[in-house]
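Reviewing the structure listed below.
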Amino acid sequence: MKYWVKSIDMRFRFIVLLGMAMSLGQGHAQKPKKDRLGDAFDEFRRSVYQDFNNFRRQCMEEFIEFVRNPWKEFENEPPVPLPKETPKPPVVMPEEDRDKPLQDKPIEIDTVITPVKPQLQPRPVSPIEDTPAPEDLLRIDFTLWGTEASVRFAPEGKISLGGVDNQTVADALACMVQGGLDATLADCLELRDKMQLCDWAYLCLLQKMSEAVYGTGTNEAVLLTACLYMQSGYKMRLGSDGAKLYVLYASRHQIFESTAYNIDGVTYYGIDKLPNRLFICNVSFPKEKELTLYIDKPLKLQLAYADSPQVHRSMAYPDVSVSARINRNLMDFYNAYPVSICNEDFMTKWAVYAQTPLNDDVRKQVLPSLGASIQGMGEHEAVSRLLNLLQTGFEYEYDDKVWGHDRAFFAEETLYYPFCDCEDRAILLSRLVRDLLGLRTLLVFYPGHLAMAVAFNEKVDGDYIVYGGQRFVVCDPTYIGAPVGATMPGMDNAKATVILLD
């Protein structure tokens, strides 16, 4: 579907209006020049927003007309199971070997994974003018991961679906739009920015808000979610099984354990579990973008601390310890977050977790105390202490035994839960080294095992990888007691993969 739009040169129009304002002295000599300029700018602003609103209205009208066309039946793609690997157990370095000098040994790596960086979040096809709210607008209150939120909603736009056929859905969309969704959309986008929600979290916000209006699981809530999500700039499709509506969102990520539909080479997933077959309205909206699952900002959720924090202390350096009260609301968010990869490469899975920044309240608890314990030390000594903290201050356990399946942790989860494994330690250590010392790190994946490496600014002996002209020295937080530069026995460097991190 294509849209043809008359382009608007706003700069030219502004110059024209500005010239008009400056020439108003003859008929309006009694009015100060500053006020005349302000009036001209207000007129220009109203004119521009009117054009924007007309364009968006035109897009919606054309979209709704296409919704009236028959929807095509599609068959789903079965969920992709999460690959299972046999994890390598921890290894304890013998005491007598820990102080032996290490020899320089380059590790030859053939495979380097560069994760896809998150792009700017989608925006509406045209700016939403947040005009003063009429007195008859409702306030819709809801909760997202323990965090209270509220948006405005026009009661004139509230609809009731008598069915889910294409004509009924199109009529309902028209009523929603005519009733006025600008205030609701503006508030939702403001919440996305205020709470620093990633794409997936924003979609969940729209679902929660819509269910606060219409009720959980209702077709009306699904349709409102779809309408707001689409107008926020995201690529989505509507589906129906004849009785229920579904929102299908497009993503560049391959999401595990989730039913999907492939439409014109684009993969769509559902907020809710999708049936095996759907009638799908394959209509695009201008400038729509796919959802990304990278998290580049710490979420701002209401704090609900766990009662007793986990305390982790280095055995070799007892003054190096970490303890933090972790927000349970953040844990609920991470617990629900989809497991995914990019470019059909399983290695990119780790980047999603390792690239996510520490939450602000955790940074304030963890970084100052850890920073004080390594203050004034050289890079090698500081990393050695952090490495031993991860090696000896955290209890190892297999994911299958704890969770029943493989599960990687975001950094805060490793601080929160009583057990962790190799991948969780490597991800947390890479986060701490970057945040505390400002050093570049990368992850090193061996079949069944994950370690990391650090680019020191000083000469450090041991096993190392050269990438981009920098020397990254291996640090393995699951090789218990091992110094910086030691690779855990049994790791096949010929099969190792490097995962780059920012």
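Computed from the coordinates by the stated procedures, all read-outs in this text should not be read as laboratory data. Quick caveat, the model's predicted, so the values are computed rather than measured. Here the Cβ is made from the backbone with ideal geometry for all residues, glycine too, and neighbour counts use every protein chain on show.
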- request: Can you spot the aspartates and glutamates whose alpha carbon is less than 20 Å from Lys244's alpha carbon? Ignore those fewer than 8 places along the same chain.
  value: Glu73, Glu75, Glu77, Asp165, Asp171, Glu211, Glu220, Asp272
- prompt: Roughly what would the spin-label model give for Ala316 and Thr114, points 7 Å off Cα along C-beta, in nm?
  reply: 3.5 nm
- prompt: From the residues Gly462, Tyr294, Gln167, which one has its Cα farthest along the dipole of the chain in the positive direction, the dipole being from +1 and -1 charges on Cβ of Lys/Arg and Asp/Glu about the Cα centre?
  reply: Gln167
task: Could you list, in their original order, any pairs among Lys84/Lys297; Lys194/Lys287; Lys72/Lys235; Lys208/Lys273; Lys100/Lys459 whose Cα atoms are separated by more than 21 Å?
output: Lys84/Lys297; Lys194/Lys287
statement: Expressed as a percent, the portion of alpha-carbon pairs in the range 299-400 spaced more than 18 Å apart is 62 percent
Proximal charge balance of Val125 [Cβ under 10 Å; K/R count +1, D/E count -1]: +2
message: Take Asn335 and Glu381, extend 7 Å from each Cα along the Cα→Cβ direction, and tell me the distance between the two endpoints in nm.
response: 4.3 nm
task: Go through 418-427, 493-502 and give me the packing order, highest mean Cβ count within 10 Å leading.
output: 418-427, 493-502
message: Just to confirm the filter: which GluC sites (Glu not before Pro) across the range 94-201 are DSSP coil and have at most 10 other Cβ within 10 angstrom of their Cβ?
response: Glu108, Glu135
- prompt: What list of whole percents do you get for P(r) of the range 363-402, with Cα-Cα distances grouped in 10 Å bins up to the one holding the largest distance?
  reply: 25, 41, 23, 10, 0
- request: Determine the equivalent ellipsoid of the chain by diagonalising the alpha-carbon gyration tensor, then write out the semi-axes as square roots of 5 times the eigenvalues, largest first, rounded to whole Å.
  value: 50, 29, 21
- request: Please sort 204-217, 310-323 by packing, taking for each peptide the average over its residues of neighbouring beta carbons within 10 angstrom, highest first.
  value: 204-217, 310-323
task: Please give every one of the aspartates and glutamates within straight-line cross-link reach of Lys300, meaning a C-alpha to C-alpha distance under 15 Å, and leave out same-chain neighbours fewer than 8 residues apart.
output: Glu148, Glu190, Asp193, Asp199, Asp332, Asp360, Asp361, Glu412
query: Ranked highest first by average number of other Cβ atoms within 10 Å, how do 405-415, 256-266, 78-88 line up?
result: 405-415, 256-266, 78-88
- prompt: Which FRET efficiency value, to the nearest 0.05, do you get for Asp99 and Tyr398 by plugging their Cβ-Cβ distance into 1/(1 + (r/R0)^6) with R0 = 25 Å?
  reply: 0.25
Estimated inter-spin distance, Asn54 and Lys364, nm [label 7 Å along Cα→Cβ]: 4.9 nm
